[in-house]
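The values are calculated or read from the model by the stated rules, or taken from the named source; none is laboratory data. Since we're looking at a predicted model, the values are computed, not measured. With ideal geometry, Cβ positions are generated from the backbone for all residues, glycine too; neighbour counts draw on all protein chains shown. Just the protein is used for accessible areas: all its heavy atoms, side chains included, with ligands, DNA and RNA removed. Shrake-Rupley method; radii C 1.70, N 1.55, O 1.52, S 1.80 Å.
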Amino acid sequence: MTSPAVVVTGVGVVSPAGLDAHTTFDHVLAAKGVTTAELTAPVVDFDPTCWIDPREVRRIDRVGQFGLAAAAEAIAQAGLTTNGSTVDPRRVAVVVGSGVGGLTTLEDGVETRVTKGSHRVGPLLVPMMMPNATAGLIALRHGFRGAALAVATACASGANSIGEGMHLIRSGRADVVVAGGSEAAITPTALAGFARMGALSSRTSDPAGASRPFDRDRDGFVMGEGAGIVVLESEDHATRRGATILGEVAGYGATCDAHHLTAPDPTGQGALESMRLAIADAGLDPRSIGHVNAHGTSTPLNDRAESDALVALFGGPTPPVTSTKGVTGHLVGAAGAVEAVIGLLSARSGRVPPVANLTDPDVDPDVDLVRDEPRSINGTVVLSNSFGFGGHNAALVLIARPST
């Protein structure tokens, strides 16, 4: 039996570059970093009451607020709210990942317990901090009664969630999957921990230029926050509903380095294998890839391993390669989902964003990094990479349906 094509009918984003998908895309095309003096990339001007009843806001951690907002955009674009009579809620699943879950709530709870006593810890601490809360909140808000799952594979969570959502549809266990990732990890303890690992940039003299993927002067990533959500459907289901199809999730590959808990395999073999699996899953070969949205964290070890893997994948010169983390910072569990959306919008528009803050590339010359301004392309196939602590590697192949 042939697996059904899995298409994208809605996208939603909340990010440091914008409060919706298209604003975010426009800002990454402009390649202007949004890092603050504190070397973080927060979501600004976010009013959760635009999406959530004000009485409920205080009961939902920031990570859940981002996820609900991005999901609302994606679901509205897909028409699931206005065409509900054609959607069986029992056949709609939710797969939304997070690297750390409700970290703000957890840190506040610990401080309250230490300073005021255990009796002052809020009764909602557990449901607000649990990493599966965002998936549950989206299902609850929209009445989706299929599986509601959370993937926690660090910085690969969003991409893994989309890939696993694709599998739910291919296997016939769902007609529609709301998939992606959400993260809100700009907290004192998280920043201290990442800094102690040496993972964060310390470029205080140039905050806007602190996140500089693939650049010789990179010294670590900038912590961002936000959410990315896509609505996936079998193509037959989307067509019956009369939904607009934005593109297809055609391939997915997932591997583990089994090398080190935080450092990537320097040979890039795990990353390379995930890309090969995704391309083969799509029934394509590397020559079909129109451009690559790289993981590109702005850390020396990750950038080097990924660029070497790309050269090995393509056997020489690569198609255009970008990383958008120079603008958004690193969104951790949301990164793979937001970047999949950006990759899809790039392929639909024929414009690939440049790598922000790239002045002196530190990669193999065969890696065709997009520099200075957006690159015009004709290809509609994008390879989107995400790699995370734990050795997790996830690659997605998306095929855009061009705008009409």
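The rows are residues; the columns are (1) under 30 Å from residue 392 (Cα atoms); (2) at pLDDT 95 or above.
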residue	(1), (2)
36	yes, no
42	yes, yes
47	no, yes
50	no, yes
60	yes, yes
72	yes, yes
89	no, no
96	yes, yes
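Segment 299-404 holds helices (runs of 4 or more DSSP H) entirely within its bounds, and those carrying 2 or more residues that are open to solvent by 40 Å² or more (accessible area, probe 1.4 Å) map to 300-314, 335-349. Among the conditions (1) open to solvent by 10 Å² or more (accessible area, probe 1.4 Å); (2) farther than 22 Å from residue 63 by Cα; (3) among the hydrophobic types (A, V, I, L, M, F, W, C); (4) at pLDDT 95 or above, the only one that residue 195 does not satisfy is (2). Set side by side, the residues 68, 80, 19 differ, and just one is surrounded by 24 or more Cβ atoms within 10 Å (Cβ to Cβ), closer than 26 Å to residue 124 by Cβ and not aromatic (Phe, Trp, Tyr), which is 68.
The residues on offer are 254, 271, and the sole one that is farther than 16 Å from residue 4 by Cα and open to solvent by 30 Å² or more (accessible area, probe 1.4 Å) is 254. Restricting 212, 203, 173 to those that are under 30 Å from residue 142 (Cα atoms) and not in a helix (DSSP H, G or I) reduces the list to 173.
For segment 80-154, which fully contained helices (runs of 4 or more DSSP H) count at least 3 residues that are in contact (Cβ under 8 Å) with a residue 12 or more places away in the chain and farther than 16 Å from residue 58 by Cα? Per the criteria, 133-142. Within segment 105-126, restricting attention to residues that are buried (at least 18 other Cβ atoms within 10 Å of the Cβ) and of a type outside the set (A, V, I, L, M, F, W, C), the residue that is nearest to residue 160 (Cα to Cα) is 105. Scanning segment 31-52 for residues that are of a type outside the set (S, T, N, Q) and open to solvent by less than 60 Å² (accessible area, probe 1.4 Å) turns up 31, 33, 34, 39, 41, 42, 43, 46, 48, 52.
Looking at 181, 242, just one residue is at pLDDT below 95 and under 22 Å from residue 10 (Cβ atoms), and that residue is 242. Looking across segment 20-56, the residues that are closer than 21 Å to residue 181 by Cβ and assigned to a helix (DSSP H, G or I) come down to 21, 22, 23, 24, 25, 27, 28, 48, 50.
Please tell me if residue 59 is part of a loop (DSSP other than H, G, I, E, B), open to solvent by 30 Å² or more (accessible area, probe 1.4 Å) and within 17 Å of residue 174 (Cα to Cα). Considered against the rule, which asks whether it is part of a loop (DSSP other than H, G, I, E, B), open to solvent by 30 Å² or more (accessible area, probe 1.4 Å) and within 17 Å of residue 174 (Cα to Cα), residue 59 comes out as no. Among residues of segment 189-206 that are within 21 Å of residue 110 (Cα to Cα), those with a Cβ under 6 angstrom from a residue that is at pLDDT 95 or above and crowded, with 17+ Cβ neighbours inside 10 Å, sequence gap 6+ or separate chain, pair up as 190/103; 194/200.
List the number of the failed condition for residue 213; all other conditions in (1) touching a Leu at 6+ places or on another chain (Cβ under 8 Å); (2) open to solvent by 10 Å² or more (accessible area, probe 1.4 Å) hold. Result: residue 213 fails condition (2) only. Filtered by the rule that a residue be out of contact with any Leu (no Cβ under 7 Å at 6 or more places or on another chain), hydrophobic (A, V, I, L, M, F, W, C) and in a strand (DSSP E or B), segment 8-19 gives 13, 14.
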